[in-house]
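> Right, I'll just put the structure down here and ask away after.
None of the figures in this text is laboratory data; all of them are computed from the coordinates on show. Bear in mind that the values here come from a model prediction, so they are computed numbers and not experimental data. Here the Cβ positions follow ideal geometry from the backbone for every residue, glycine too, while neighbour counts run over all protein chains shown.
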Amino acid sequence: MPTDKVIIPAHKWTNGGSEVLILKCVERDGSSYGGFRWPLEVGADVEAPDWNISAECGGGLHGWPWGFSMGDGREPDWSGKWIVFGSDPADVVDLGGKVKAKRGTVRFVGDWQDATNFILAGQIAWVHQAARGAASATGWSGAASATGASGAASATGWSGAASATGASGAASATGWSGAASATGASGAASAPGWGGE
């Protein structure tokens, strides 16, 4: 198996389209950190008035690329408004988990469960492109694990669990009480769902 596979990082992944989809939660009126107010209409364009390209917090539209690193920088508000916005990869800066973007277009507005479902296909596709070894499981209490460099695991369904170990391992679990863990350098784990870990 080749060892020189190029893995597209989540903040540059477009899932065959032209945009990185970025998840975020805001107050019910669309307000977020610093009083910035997000438009709550699908198709609305938004731009950071304080944009700077430095890889540090501030100066951009912040969120979690494809839902990865959910909770980094902000505790999710499960009862708030959830937004998915799309950005050109050239306008997205990695902050080591969450990202920030110069501008974007609102692609979804709703609750947390529908928002995570909206990006789920792209999230799973990213896990698979990042994987040399991959495992997936669906259904009630499904479980998947993968080990080795760039291993990936994905589990969907009630109480699904996913685990990945090794450099650049990735794990994703969706559904009520889903759990995901990833160990090793550059590991990524996502567990969208009520009670997810």
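> So if I place +1 on the C-beta of Lys and Arg and -1 on the C-beta of Asp and Glu, and nothing else carries charge, what would the dipole magnitude of region 1-116 be about its Cα centre? I want it in debye, nearest 20.
Once rounded to the nearest 20, the dipole reads 100 debye.
> Which whole-Hz couplings ³J(HN,Hα) result when phi for each residue of region 10-27 is put into the Karplus expression 6.51 cos²θ - 1.76 cosθ + 1.60, θ = phi - 60°, listed in order with x for Gly and Pro?
4, 6, 10, 6, 10, 6, x, x, 10, 10, 7, 8, 10, 9, 7, 10, 9, 5
> At q = 0.25 Å⁻¹, what log₁₀ I(q)/I(0) does region 1-62 have when each alpha carbon counts as one equal point scatterer in the Debye sum?
-1.27
> For the residue pair ILE7 and ASP77, what label-to-label distance in nm results when each label sits 7 Å from Cα along the Cα-to-beta-carbon direction?
Taking the simple label geometry, ILE7 and ASP77 are separated by 3.4 nm.
> Using only the alpha carbon atoms of region 53-137, find the Kirkwood hydrodynamic radius as the inverse mean reciprocal pair distance, in angstroms to one decimal.
One over the average 1/r among Cα pairs gives 13.9 Å for region 53-137.
> Would you please give the residues with an amide H less than 5 Å from that of ARG107, counting only those at least 5 places away or on a separate chain, with H modeled from the backbone geometry?
Amide H neighbours of ARG107: GLY43, VAL84, PHE85, GLY86.
> Tabulate in residue order the Karplus-calculated ³J(HN,Hα) for region 109-123, using 6.51 cos²θ - 1.76 cosθ + 1.60 with θ = phi - 60°, rounded to whole Hz; enter x for Gly and Pro.
With coefficients 6.51, -1.76 and 1.60, one gets 9, x, 8, 5, 5, 5, 5, 5, 5, 4, 9, 4, 4, x, 5 Hz.
> Another question, then. Can you list the residues, at least 5 places off or on another chain, whose amide H is less than 5 Å from the amide H of TRP38, using H built in the peptide plane?
When sequence neighbours closer than 5 places are left aside, the close amide H contacts are SER31, SER32.
> Oh, and also: A 21 angstrom limit on the alpha carbon distance is what I want to check against. Which of LYS12/LYS100; LYS12/LYS81; LYS5/LYS102 exceed it?
LYS12/LYS81; LYS5/LYS102
> Give me the distance in nm between label points sitting 7 Å out from Cα along the Cα-to-Cβ direction at CYS57 and ASN117, one decimal.
3.2 nm
> Working out 0.36 nm times the residue gap between ASP50 and GLU27, then minus their Cα-Cα distance, what length gain in nm do you get to one decimal?
Using 0.36 nm per residue and subtracting the Cα-Cα distance, I get 6.3 nm.
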